[in-house]
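The values are calculated or read from the model by the stated rules, or taken from the named source; none is laboratory data. Only a predicted model underlies this, so the values are computations on that prediction, with no experimental measurement involved. Every residue, glycine as well, gets a Cβ built from its backbone with ideal geometry; the counts of neighbours run over all protein chains shown. Side chains are part of the model used for accessible areas, which takes the heavy atoms of the whole protein and leaves out ligands, DNA and RNA. Shrake-Rupley method; radii C 1.70, N 1.55, O 1.52, S 1.80 Å.
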Amino acid sequence: MKQDYAVIGLGRFGGSVCRELSMEGMDVLAIDIDEEKVNEFKNIASYAVIADSTDEATLKELGIKNIDHVIVSIGDNIQASILTTVILTDLEIKKITVKAQSDYHEKILNKIGADQVVHPERDMGKRIAHSVISNNILDYLELSDEHSIVEVKAGKKMQGKTLVDLDIRANYGCNVVAIKQENEINVSPSADEVLREDDILIVIGADKDISRFEKHLVMDHA
Ligand code: ATP
């Protein structure tokens, strides 16, 4: 279903969200206080306007209330980011996603009613850290403060073994939710499936359990 989006703040992150949504054929209202930024998005977004998002009357005039999902990407000016979010929650926007600059900023945004708070620098940092620990860790996605999903290559340690042999649930408290084999994804892997070195396992669990699983079964030199 096609939705209407607004992106407030067209820096690197907001700009990239705006570009991608537009490329996917979505209607995007792009807003920035800086004329140069707005000009950059004139031919990309459906509408690009110069406006100060901390001004409630201006946001109302722009018809922000009719927009399904607003993404706020004002990083450096935390005060403007918070004020904009408060105005959007007051206007009862259906979904508000806000980029946080720090953990403290994130806490405040959650308290004042942002539906989704993203912290791209921190999250990307975590993903990179996990992927550099081992060549076999392909991706790492945080689900909550305590749970994550990790995508790992079976590698030499799991090669030739079945899920029963490895008993990942009993040994590490994690669940293998899917196995990717070449172009196929098996979403209900059977316990006696023999793993090959290049198979990719999608594993879900608590961070501390995933960490033990990575150390014992995934890292090359553990
Ligand atoms: P990046 O995503 O590039 O890392 P950032 O998160 O550091 O950027 P900023 O550069 O602080 O973000 O701000 C992003 C954009 O938000 C800038 O283009 C800035 O002009 C715009 N902006 C700042 N305050 C307001 C405001 N009150 N109303 C609208 N846009 C604003």
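Between the stretch 19-46 and the stretch 92-163, how many Å separate their Cα centres?
Going from one Cα centre to the other spans 27 Å.
Bin by bin, in steps of 5 Å, what percent of the Cα pairs in the stretch 122-218 do you find, going until the bin that has the longest distance?
Histogram of Cα-Cα distances, whole percents per bin: 3, 14, 27, 28, 18, 8, 2, 0.
Expressed as a whole percentage, what fraction of the accessible surface of the stretch 91-188 belongs to carbon and sulfur atoms when a 1.4 Å probe is rolled over the protein heavy atoms?
Numbers: 2840 of 5860 Å².
With neighbouring chains kept in place, the figure for the stretch 91-188 is 49 percent.
At 222 nm, what helix-only mean residue ellipticity would the chain give, in deg cm²/dmol to the nearest 500, using -39500 (n - 2.57) for each DSSP H run of four or more? The partial results should precede the final answer.
On the way: 10 runs with 80 residues, N = 222.
So the calculated ellipticity at 222 nm is -9500 deg cm²/dmol.
Contact order normalised by length for the chain, with contacts defined as Cα pairs under 8 Å and 6 or more residues apart; what percent is it?
Numbers: 417 pairs, mean separation 29.1, N = 222.
Relative CO of the chain lands at 13 percent.
For the charge dipole of the chain, defined by +1 on Lys and Arg C-beta atoms and -1 on Asp and Glu C-beta atoms about the Cα centroid, which residue among Leu195, Ile185, Leu141 has the Cα displaced farthest towards the positive pole?
Leu195
Rounded, prolate or oblate: which one fits the chain, using the alpha carbon gyration tensor with axes a ≥ b ≥ c (rounded when a/c is under 1.5, else prolate when a/b beats b/c, else oblate)? Before the final figure, lay out the partial values.
Numbers: a/c = 2.81, a/b = 2.37, b/c = 1.18.
Prolate is the answer for the chain, as a/c is 1.5 or above and a/b outweighs b/c.
So for the chain, taking the charge dipole from beta-carbon charges (+1 Lys/Arg, -1 Asp/Glu), which of Gly63, Leu21, Met158 sits furthest toward the positive end?
Sorting the options by dipole projection puts first Met158.
List the lysines whose Cα sits under 17 Å from the Cα of Lys107, skipping any in the same chain fewer than 8 residues away.
Lys99
Pairs Lys111/Lys153; Lys37/Lys95; Lys42/Lys95; Lys65/Lys126; Lys95/Lys126: which are spaced more than 32 Å apart, C-alpha to C-alpha? Write down the numbers at each step before the final one.
Details: Lys111/Lys153 39 Å; Lys37/Lys95 24 Å; Lys42/Lys95 24 Å; Lys65/Lys126 35 Å; Lys95/Lys126 26 Å.
Long pairs (Cα-Cα over 32 Å): Lys111/Lys153; Lys65/Lys126.
Mind checking the full-extension length gain between Leu143 and Lys60? Use 0.36 nm per residue of separation minus the Cα-Cα distance, one decimal, nm.
Going from the current span to full extension adds 26.5 nm.
What is the antiparallel percent of DSSP beta bridges lying wholly in the chain, to the nearest 5?
Values: 21 of 41 bridges.
Roughly 50 percent of the beta bridges in the chain run antiparallel, per DSSP.
With a 1.4 Å probe and every protein chain left in place, work out the accessible area per residue of the stretch 114-171 in Å², rounded to a whole number. Walk me through the numbers before you get to the answer.
On the way: 3340 Å² over 58 residues.
So the stretch 114-171 comes to 58 Å² accessible per residue, rounded to a whole number.
Let me know the shape class of the stretch 1-119, please: from the alpha-carbon gyration tensor, a ≥ b ≥ c as square roots of the eigenvalues, rounded when a/c is under 1.5, otherwise prolate if a/b is greater than b/c, or oblate.
Numbers: a/c = 1.43, a/b = 1.34, b/c = 1.06.
Cα axes put the stretch 1-119 in the rounded bin.
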